[in-house]
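What follows is a set of notes on a single structure, which appears directly below.
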Amino acid sequence: MALANRFRSGISFFKNISISDSVSSARSNPHGASLFPAQLRSYATASAQSTANVKVPIALVGENGNFASWLYIAAVKMNSLEKIESDLSEMIEAMKTAPTFAQFTKDPSVPRATRLAAIRDACDQAKFAEPTKNFLSLLAENGKLKNLDAIVKKFMQLTNAHRGDIKVLVTTVMPLPPAEEKELRETLQEIIGEGKKVTVEQKIDPSIYGGLIVEFQQKVLDMSIRTRAQQMERLLREPVDFTNL
């Protein structure tokens with residue numbers, strides 16, 4: 001129960017998530033300014049099968065999050081979500097097994113036309129769906145292939161949320177015993193709500209000294225000893241106002 005109780009002590013954090021998400025989104029994109037070239041915006045709206053009011057299941061921030069969000073909207077409108085997800089996973093795996101090709105696609109010294117031709121050829125050989133080919137071509141044209149891995153990870157967050165799957169990353173100094181992992185998963189399930197499937201992924205990081213860090217859906221609950229020590233250090237460094245003593 002100790003682990004769950006420590007985690008529950010931070011539940012108030014989750015009550016303010018929607019507010020902090022809205023503020024973060026507004027700050028990352030002030031005045032509604034677009035982070036994308038015009039082609040990408042039109043890509044998300046062009047669809048033979050029009051679906052009104054498509055919304056992303058979770059709010060993502062930053063350039064990579066915005067690229068992933070636009071792709072998700074386009075994929076849903078084209079009814080190609082699973083195929084695009086599969087294509088992108090295959091592309092990432094191919095880049096891992098063929099580092100020379102990966103470096104070629106990201107090298108800024110390679111002419112744009114050459115990089116674009118290579119991506120189109122790779123998509124044709126892999127028999128990727130046309131929406132996948134178009135999206136990768138847009139990234140190639142705009143010099144964003146270097147961000148592909150990060151964009152795909154964000155996109156996968158959206159597809160998992162679309163299916164009701166919530167992936168939670170838990171960082172600790174040592175692996176959680178099965179009983180504590182089960183207890184934490186049940187606590188997270190209670191917080192996230194029914195109808196969602198919670199999957200816990202453990203990450204080991206001795207540098208946090210103790211405690212745990214929980215991350216999911218762009219949210220971070222840091223209950224590590226490292227962070228608490230840093231907060232205490234900042235507090236001790238603050239000047240003391242003796243007039244109020």
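Assorted remarks:
- Per-residue Karplus couplings for region 170-178, computed as 6.51 cos²θ - 1.76 cosθ + 1.60 with θ equal to phi - 60°, are listed in order as 10, 9, 9, 7, 8, x, 6, x, x Hz, Gly and Pro entered as x.
- Whole-number D in µm²/s for region 159-245 (Stokes-Einstein; Kirkwood sum over Cα pairs; 25 °C, 0.890 mPa s): 164 µm²/s
- Pairs with C-alpha atoms separated by more than 23 Å, drawn from the list LYS77/LYS167; LYS153/LYS196; LYS83/LYS144; LYS146/LYS219, are LYS77/LYS167; LYS146/LYS219.
- Cut-off under 5 Å, modelled amide H: who pairs with LYS203 long-range: VAL170, THR171, THR172
- Residue-wise HN-Hα couplings along region 98-115, as the Karplus relation 6.51 cos²θ - 1.76 cosθ + 1.60 with θ = phi - 60° gives them from phi, are 10, x, 5, 5, 4, 5, 4, 5, 9, 5, x, 7, 6, x, 4, 5, 5, 5 Hz; Gly and Pro carry x.
- Across region 206-214, rounded Karplus estimates of 3J(HN,Hα) from the backbone phi angles (6.51 cos²θ - 1.76 cosθ + 1.60, θ = phi - 60°) give x, 5, 7, 6, x, x, 7, 10, 10 Hz, Gly and Pro being marked x.
- Based on the Stokes-Einstein relation at 4 °C and a viscosity of 1.567 mPa s, and on the Kirkwood radius from alpha carbon pairs, region 89-235 is assigned a translational diffusion coefficient of 71 µm²/s.
Here, each number is a calculation from the coordinates, and none is a lab measurement. Treat the numbers as computed from the prediction; the structure is a model and nothing was measured.
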